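Colleague: I'd like to ask some things about the structure below.
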Amino acid sequence: MENIGKTGNIVLTTFEIVLGKSSPALFNLLHANVTNACGTVKRRRKGIPVMNRKLEKGEVDFRTSNNLLALKWRDKRDILMLSTY
């Protein structure tokens, strides 16, 4: 791992509990603290809008709400992403 210094290590250690996690509540909290986020999310995660439209491979569906973008993309299976960008 690259040497990020004492302060960087403290931030990384503190932030470690949310690495790899994604939910609308977490992303809203991060956005409120001027930190953007993007990641995959499970379809049944609380707060994810319903996107029932059947997609063909390569098609995209999306919903926006306040600062969040929920995106459904079809590859071999449906992929759901959440973003604050």
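Read-outs: derived from the displayed coordinates by stated rules, not from any lab. All values derive from a computational prediction rather than experimental measurement.
Colleague: Of 6/46; 6/72; 46/76; 6/76, which pairs sit farther than 32 Å apart, going by alpha carbon to alpha carbon? Could the numbers behind the result be given before it?
Modeller: Working: 6/46 36 Å; 6/72 39 Å; 46/76 24 Å; 6/76 43 Å.
In this structure, 6/46; 6/72; 6/76 lie more than 32 Å apart at Cα.
Colleague: Let me ask something additional. Summing -39500 (n - 2.57) over the DSSP H runs of n ≥ 4 in the chain and dividing by its residue number, what mean residue ellipticity at 222 nm do you reach, to the nearest 500 deg cm²/dmol? If you can, show how the numbers build up before the last one.
Modeller: Working: 2 runs with 20 residues, N = 85.
About -7000 deg cm²/dmol.
Colleague: Using the Cα atoms of the chain to build a convex hull, what is its mean projected area in square nanometres? Kindly include the intermediate steps, with their values, before the conclusion.
Modeller: On the way: hull surface 28.2 nm².
Computed as one quarter of the Cα hull surface, the answer is 7.0 nm².
Colleague: If you don't mind, another one. Test of understanding: what is the full-extension gain from residue 19 to residue 36, defined as 0.36 nm times their sequence separation minus their Cα-Cα distance? Don't jump to the answer; show the numbers that get you there.
Modeller: On the way: separation 17, 0.36 × 17 = 6.12 nm, distance 1.31 nm.
Fully extending the segment from residue 19 to residue 36 adds 4.8 nm.
Colleague: Using a 10 angstrom cutoff on alpha carbons, build the Gaussian network for the chain and name the most mobile of 68, 19, 55.
Modeller: 19
Colleague: Starting at the first residue of the stretch 29-37, write each ³J(HN,Hα) from the Karplus equation 6.51 cos²θ - 1.76 cosθ + 1.60 with θ = phi - 60°, in whole Hz, x for Gly and Pro.
Modeller: Using θ = phi - 60°, the values come out as 5, 4, 4, 4, 9, 6, 10, 7, 8 Hz.
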